[in-house]
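Peer 1: The structure follows.
The values are calculated or read from the model by the stated rules, or taken from the named source; none is laboratory data. Everything quoted here is computed from the prediction, not taken from an experiment. Every residue, glycine as well, gets a Cβ built from its backbone with ideal geometry; the counts of neighbours run over all protein chains shown. Please note that ligands, DNA and RNA were not included when accessible areas were found on the heavy atoms of the full protein model with its side chains. Shrake-Rupley method; radii C 1.70, N 1.55, O 1.52, S 1.80 Å.
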Amino acid sequence: MKPLKLFNMASKMVKGSKLRSWITILGIVIGIASVIAIISAGDYLSTSVSDQLNDMLSDEITLTASAAQGSDDDEDPELTDMDVLILNGISDIEYVDVRVSTRNEVRFAGGRETATITGVDPAVWSQMTDEELSAGRFLQASDSNAVIISYYTATEAFDREIGINQMITIGNKQFKVVGILEEDETQGFGQMGGMSSNTIYMPYEAVYTLELDDDASYSISEKEEGVYDEIIFTLYEDVNQTTALENIQKKLMMSRHVNKDNMDFTIRSPTVFEGPEQIISMLTTFLSFIAGISLIVGVTGISNTMFTTVLEKTREIGIMKAIGAKNKDIMLLFVFNSAIIGLVGGFLGLVLGTILSQIIVWFIAQSMDSSYQFVLSIKSVVIAIGCSLAAGIIAGIIPAYNASKLKPVEALRSE
């Protein structure tokens, strides 16, 4: 017989036992829908988490001085104006900032607090920082005795709140508060949180002029002018970071007269978060495997249906063989029958799984405060169609083989 005629006959067999066929199809629908929903939602969650974590990364690249391994040099390496000059001369670099950090005593309204002082280049810091202001303005290139203080310093460090344009004393000098940073919600747990969030930013030249209190509880040496703790720089957006950093490293090695064996500096660039994405991917695979167990139940259901159909159609099989149907025709008829059941289940499972995955994705987007977007994993579609068709064929092979081996005489005697 022609395959098209066999297919039509198989379709009529499915329609002839609607209730049994739909119950069997339902098992495939549930399995396929579960797999699609889990894979699609898992892919969306993985992408969303990865994007949010990477959005938290700064574009800033940090240059620090570090003693080479095995170095016998008694003097610690330093970052100087020469390094800043080299970096400013590299075309791939957009901004270059410096950091000079220390701790000093801050006095205001009769109160005393120890704060972390960070010197920055006011000409570029506002262009590079991720900090946001709750009041005031950023430092400007013309500022010399101006500072920006953290929210904790302004509101909790002293008995009175510090406002914009008020004066505070740091070390031996007075500074005007021109800006207050937004509150850092990750800090502020009493004194322990306050110590780390009690931060003041000022022009780096001013840090060199600060004197230290001899009675202070902390121990730190005065800063040597022209020496920086860190140099921060950013690259232009269209620049290949890997190539640019290799070029920057070579130029710094030449200017500092070092090689890879005795390199006395370190360049740290933002690292893309991969761990959470891998964990979510593994969890998605595991859940998909669990959901796939329902496909096994669906395959068992198809097999059971096909065995029952063979028993019911035994006499018809005998008639078909008597009028010239071959064993191959009988086998293909029942394989087509089971394949149609699997394929219909796969298609309906794809539709249901798509709807379920969009509902799950919508809830995930709401919980993560991110925008909803339609998500349908291509691999889940392939899995849906491929697995449902394969399940139908595999489940129908044995019953179809048994049907094809029936002897015409015995089949015709069947009631």
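Peer 1: Can you pull out every residue in segment 179-207 that is modelled with pLDDT of 90 or more and part of a helix (DSSP H, G or I)? Step through it out loud before you land on a result.
Peer 2: Quick first cut of segment 179-207, residues modelled with pLDDT of 90 or more only: 179-182, 199-207.
TYR204, GLU205, ALA206, VAL207 - these are the residues of segment 179-207 that are modelled with pLDDT of 90 or more and part of a helix (DSSP H, G or I).
Peer 1: Same structure, new question: List the pairs whose first member sits in segment 123-143 and is farther than 17 Å from ARG99 by Cβ, whose second member is open to solvent by 70 Å² or more (accessible area, probe 1.4 Å) and assigned to a helix (DSSP H, G or I), and whose Cβ atoms are under 9 Å apart, counting only residues at least 6 apart or on separate chains?
Peer 2: Qualifying pairs under 9 Å: SER134/TYR151.
Peer 1: Then there's this: Answer yes or no as to whether SER91 is out of contact with any His (no Cβ under 8 Å at 6 or more places or on another chain) and open to solvent by less than 40 Å² (accessible area, probe 1.4 Å).
Peer 2: The answer is no for SER91.
Peer 1: Do we have any residue at all in segment 357-379 that's small (Gly, Ala, Ser) and either more than 24 Å from the chain's Cα centre (by Cα) or outside the structural domain of THR284 (by the TED database) (or both)?
Peer 2: No: segment 357-379 contains no residue that is small (Gly, Ala, Ser) and either more than 24 Å from the chain's Cα centre (by Cα) or outside the structural domain of THR284 (by the TED database) (or both).
Peer 1: Within segment 114-161, how many residues are open to solvent by 50 Å² or more (accessible area, probe 1.4 Å) and within 13 Å of ASN198 (Cβ to Cβ)?
Peer 2: Counting residues in segment 114-161 that are open to solvent by 50 Å² or more (accessible area, probe 1.4 Å) and within 13 Å of ASN198 (Cβ to Cβ) gives 2.
Peer 1: How many residues, within segment 164-178, are at pLDDT below 90 and loosely packed, with under 14 Cβ neighbours inside 10 Å?
Peer 2: Result for segment 164-178: 1.
Peer 1: Output the residues belonging to segment 317-350 that are at pLDDT below 70 and among the charged types (D, E, K, R).
Peer 2: Within segment 317-350, LYS321 is the sole residue that qualifies.
Peer 1: Ok, one more. Name the residues in segment 229-261 that are of a type outside the set (Lys, Arg) and open to solvent by 70 Å² or more (accessible area, probe 1.4 Å), would you?
Peer 2: At the first step, the residues of segment 229-261 found to be of a type outside the set (Lys, Arg) are 229-249, 252-255, 257-259, 261.
TYR236, GLU237, ASP238, ASN240, GLN241, THR242, THR243, GLU246, MET254, HIS257, ASN259, ASP261 - these are the residues of segment 229-261 that are of a type outside the set (Lys, Arg) and open to solvent by 70 Å² or more (accessible area, probe 1.4 Å).
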